[in-house]
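Read through the structure below, which is laid out as C-alpha cells, and then see the notes.
The values are calculated or read from the model by the stated rules, or taken from the named source; none is laboratory data. Quick caveat: nothing in here was measured; it's all calculated off a predicted structure. In this analysis, Cβ positions are derived from the backbone assuming ideal geometry, glycine residues included, and neighbour counts consider all displayed protein chains.
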Amino acid sequence: MIDLRSDTVTMPSESMRMAMARARVGDDQYGEDPTVNELQARLATELGKERALFVASGTMANQIALKVLTTPGDEVIVGHEAHVVWHEAGAASANSGVQFSVVGRGGTFTAADVEQAFKPRDHIVFPATALVAIENTHNRGGGIVFPQNAICEICAKAGSLQLATYLDGARLFNAAAATGVSLATLAGPFDLVSVALSKGLGCPVGSVLAGRSDHIARAIRARRMFGGALRQAGILAAAGLYALDHNLGRLSEDHANARLIAERIVGLRGIELDLATVQTNIIVFRLAAQAPSAADFVAQAKRRGVLLSAFGLRIVRAVTHLDIITEQCMRAAEVLSELTSTF
C-alpha cells in the first residue's frame with residue numbers, strides 16, 4: 001500500500017529505535033529525565049523562546065495553550081478551518097470553555113480581520129476576545145505557509161489590543177523548509193508556539209510547546225490536569241532528538257513529491273485543485289459534482305493500493321512523508337488519474 005493518509009503514519013527507523021533504546025531516562029514528573037530536558041532546551045533555543053515542554057501530541061499542545069492563554073467564556077480568533085476547531089473533538093469548549101471566531105479564508109487572515117472580529121473585555125453582551133491563534137502550515141488549507149509579513153502584522157495588532165498570540169506550528173518544520181526562514185523567526189512574534197515531532201519528522205509520538213517561562217510553568221500544571229504528565233519519557237524524547245539531527249534536511253523531498261502528484265492530477269476531469277496551495281507536503285483537492293463522493297473515491301483508490309483521507313463530502317487529502325519515495329508518488333498519481341477516467 002502507498003499510504004498517503006497522513007505524515008503521522010510513518011514508522012520509526014531502526015536507527016531511531018536504537019536511539020530510543022539507548023536513551024538516558026529519569027522521572028520527567030520531577031524534571032529529572034535528562035533526555036527530555038535536552039530536547040526541551042534544544043527546541044526552546046531553536047524556537048527563540050525561554051523554555052519548552054514536551055507533551056504527548058499536537059492536540060494536547062493546542063489544548064494546553066488554550067488553557068494557559070484564556071479563561072472560560074473567552075473567544076479565540078482563528079483562521080478558516082483551523083485544526084483546533086475541526087480536528088480536536090470539541091476539546092476547546094470542554095477543557096477551557098472558549099468559543100471561536102473564524103476569520104479569513106483558506107487558513108490565512110489579516111490584521112484587519114483581527115481588528116474587525118475583536119470584542120472588548122468590558123462589553124456586557126459580547127464574549128471577550130483573549131487570543132489570536134495561527135496555524136502554520138495550514139492543514140485543511142492544503143499545507144499552505146502562512147505569510148510571515150501577515151503574521152507580524154497580526155501579532156502587532158493583537159499586542160495593541162492586549163490579546164495573547166499562539167502558533168499551532170505542528171508542521172512549522174515544513175514551513176521553515178519551504179521558505180528558508182528560521183524557526184526562531186517564524187515563532188518570534190508569538191507568546192506560545194508548538195511544534196510536532198510525530199508528523200514530518202517521523203517520530204512515533206510527541207510535540208513540544210515553547211514560550212515564556214511563566215507560561216510554561218502554567219503549561220506544566222495544565223499538562224498534569226489533562227493526564228499528560230510523563231515519567232521515563234526520555235525514550236520518546238530521544239526519537240525527537242534523533243529526528244532533529246537526521247530528518248529535517250529531507251523535508252524538501254516530501255514537498256517535491258507532493259508537487260509531483262499535484263501537477264499530475266491538476267486539471268483532470270472531476271478534480272478541482274489550486275496548485276498555488278501545494279506549498280509543502282499536503283495536497284487537498286475537491287471532487288466535482290459529476291465525480292464520486294470523497295468516501296467512494298478514497299475506497300476506490302484503496303482497492304488500487306493507494307490510501308487517502310476523505311476530508312469532507314467532496315474533499316480529499318493526500319500527504320507525502322519520509323516513508324514514501326518518489327516512485328510511489330508517481331504510481332499514486334497514475335492511480336488517481338486512472339480513477340478520474342471513470343467519472
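Residues considered: Ile151, Ile144. Of these, the only one that is among the hydrophobic types (A, V, I, L, M, F, W, C), outside the structural domain of Leu322 (by TED's automatic domain parsing), surrounded by 15 or more Cβ atoms within 10 Å (Cβ to Cβ) and touching a Ser or Thr at 6+ places or on another chain (Cβ under 8 Å) is Ile144. On inspection, Ile265 fails the criterion of being under 22 Å from Ala196 (Cα atoms) and either out of contact with any Pro (no Cβ under 6 Å at 6 or more places or on another chain) or assigned by TED's automatic domain parsing to the domain that holds Thr35 (or both).
In the range 214-227, the condition of being of a type in the set (Phe, Trp, Tyr) and not assigned by TED's automatic domain parsing to the domain that holds Thr108 is met by no residue.
Within the range 2-44, restricting attention to residues that are surrounded by 14 or more Cβ atoms within 10 Å (Cβ to Cβ) and of a type in the set (S, T, N, Q), the residue that is modelled with the lowest pLDDT is Gln29. Taken over the range 45-59, the criterion of being in contact with a Leu (Cβ under 8 Å, 6 or more places away or on another chain) and surrounded by fewer than 17 Cβ atoms within 10 Å (Cβ to Cβ) is satisfied by Gly48 alone. Residue pairs whose Cβ atoms lie under 6 Å apart, sitting 6 or more positions apart in sequence or on different chains, and linking a residue in the range 89-100 that is touching a residue at least 40 places away in the same chain (Cβ under 8 Å) to a partner that is of a type outside the set (A, V, I, L, M, F, W, C), are Asn95/Gln63.
Among the residues making up the range 298-314, a single one is among the aliphatic types (A, V, I, L, M), touching a residue at least 60 places away in the same chain (Cβ under 8 Å) and surrounded by fewer than 19 Cβ atoms within 10 Å (Cβ to Cβ): Leu307.
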